[in-house]
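Below you'll find the structure, written out as structure tokens, and then a few comments.
The values are calculated or read from the model by the stated rules, or taken from the named source; none is laboratory data. Quick caveat: nothing in here was measured; it's all calculated off a predicted structure. Heads up, the Cβs are rebuilt from the backbone with ideal geometry, glycines too, and the neighbour counts pull from every protein chain shown. Accessible surface is based on the protein model in full, side chains and every heavy atom, while ligands, DNA and RNA are left aside. Shrake-Rupley method; radii C 1.70, N 1.55, O 1.52, S 1.80 Å.
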Amino acid sequence: MSAQRPADTGRWAEDLACRYLQAQGLTLIERNYRCPAGEIDLVMEQQGSTVFIEVRYRRAPRFGTGAESVDARKRAKLLATALHYLQRDPVAARAPSRFDVVSMEGARTGPRIRWIPNAFGA
């Protein structure tokens, strides 16, 4: 059995998170939105709000959970990327928006999924 490349694991985690969130009623708008500031894994819509989603997977939480790995530097990059997205899309810019994190831990055969809505909000 060959080792999974990080890009393969990232794509798998994003696919799983997207399906999970769609089952919760969110609608996919865009995947892997990129600009010079960075990348947002999933841009989705929920009840009129634009939702920017960071997906994190950890096989073992030995160095912290996936959610704990979204540090201040990563949050700043996500914010800058989201602002770029909103400047490009005037309809999304008029809607409320938030940042969610989907953190997954455990074996790929059955990871625990934790969805954290408004992860950076007050």
Pull out all pairs, ordered by first then second residue, where Cβ-Cβ is under 8 Å, the residues are six or more apart or on different chains, the first lies in segment 97-114 and is on the phi > 0 side of the Ramachandran plot, and the second is at pLDDT below 85 and basic (K, R).
G106/R59
With the requirement that a residue be aliphatic (A, V, I, L, M) and open to solvent by less than 60 Å² (accessible area, probe 1.4 Å), what does segment 84-122 give you?
L86, A92, A93, A95, V101, V102, M104, A107, I113, I116, A119
Looking at segment 33-58 only, could you name the residues that are open to solvent by 30 Å² or more (accessible area, probe 1.4 Å) and either within 23 Å of K77 (Cα to Cα) or in contact with a Lys or Arg (Cβ under 8 Å, 6 or more places away or on another chain) (or both)?
R34, P36, A37, E39, E45, Q46, R56, Y57, R58
Just the residues that are under 16 Å from the mean Cα position of the chain (by Cα), at pLDDT below 95 and farther than 16 Å from D71 by Cα, please, taken from segment 81-110.
M104, E105
Would you be able to say whether some residue in segment 63-73 is modelled with pLDDT under 95, basic (K, R) and either open to solvent by 70 Å² or more (accessible area, probe 1.4 Å) or touching a helix residue (DSSP H, G or I) at 6+ places or on another chain (Cβ under 6 Å) (or both)?
yes
